[in-house]
1. Using a cut-off of under 13 Å, list every residue of segment 59-78 whose amide N is near the label point 7 Å from the Cα of Phe49 along the Cα-to-beta-carbon line.
2. Would segment 19-103 count as rounded, prolate or oblate if I go by the C-alpha gyration tensor, calling it rounded below 1.5 in a/c and otherwise prolate when a/b exceeds b/c, oblate otherwise?
3. Can you put Val100, Val75 in order, fewest other beta carbons within 10 Å first?
4. Expected output is a single nm value to one decimal: the length gained when fully extending between Ile79 and Arg65, i.e. 0.36 nm times separation in residues minus the C-alpha distance. What is it?
5. I need to check one value: relative contact order of segment 19-103, counting alpha carbon pairs closer than 8 Å and at least 6 residues apart, in percent.
Amino acid sequence: MEEILKKVRMINKMEEIYNEVKLQGEVTFVNSKEKFVKVSMKVNKKKGFTFITVTGFGDTADKMRKFEKGDTIKVKGEINTSSYEKDGKKIYSTDVIAEVVGKVG
């Protein structure tokens with residue numbers, strides 16, 4: 001019985017986990033539209049770096065409009081994947097939908 005209860009508790013903890021990412025990096029590009037803002041971030045990895053596109057809507061977008069190239073920012077959000085066709089080829093992208101953003105320093 002105790003073993004079953006351990007498994008149930010483990011499953012309940014797993015259900016609490018959801019798609020969330022926290023990033024800190026340097027703004028490399030800001031694309032401001034009427035209803036949303038996309039920011040490209042340079043984020044350090046163990047070896048090198050990668051570029052992540054962060055999208056904000058509503059109040060988050062309003063904060064992101066103030067970012068400038070070279071700003072160091074923190075982002076908390078959800079990973080999003082999408083695809084579209086361009087010139088007959090399927091293009092896949094992964095970005096972050098921002099929930100909370102802010103400048104560092």
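1. Residues 69-73 qualify, since their backbone N sits under 13 Å from the label point.
2. Working: a/c = 1.59, a/b = 1.20, b/c = 1.33.
Note, shape of segment 19-103 comes out oblate.
3. Values: Val100 12, Val75 24.
Final ranking by Cβ density, sparse to dense: Val100, Val75.
4. Numbers: separation 14, 0.36 × 14 = 5.04 nm, distance 2.06 nm.
Taking Ile79 through Arg65 to full extension adds about 3.0 nm, to one decimal.
5. Working: 191 pairs, mean separation 27.5, N = 85.
Relative contact order, segment 19-103: 32 percent.
Laboratory data are not the source of any read-out in this text; all were calculated from the coordinates shown. Just so you know, these numbers come straight off a predicted model, no measurement behind them. With ideal geometry, Cβ positions are generated from the backbone for all residues, glycine too; neighbour counts draw on all protein chains shown.
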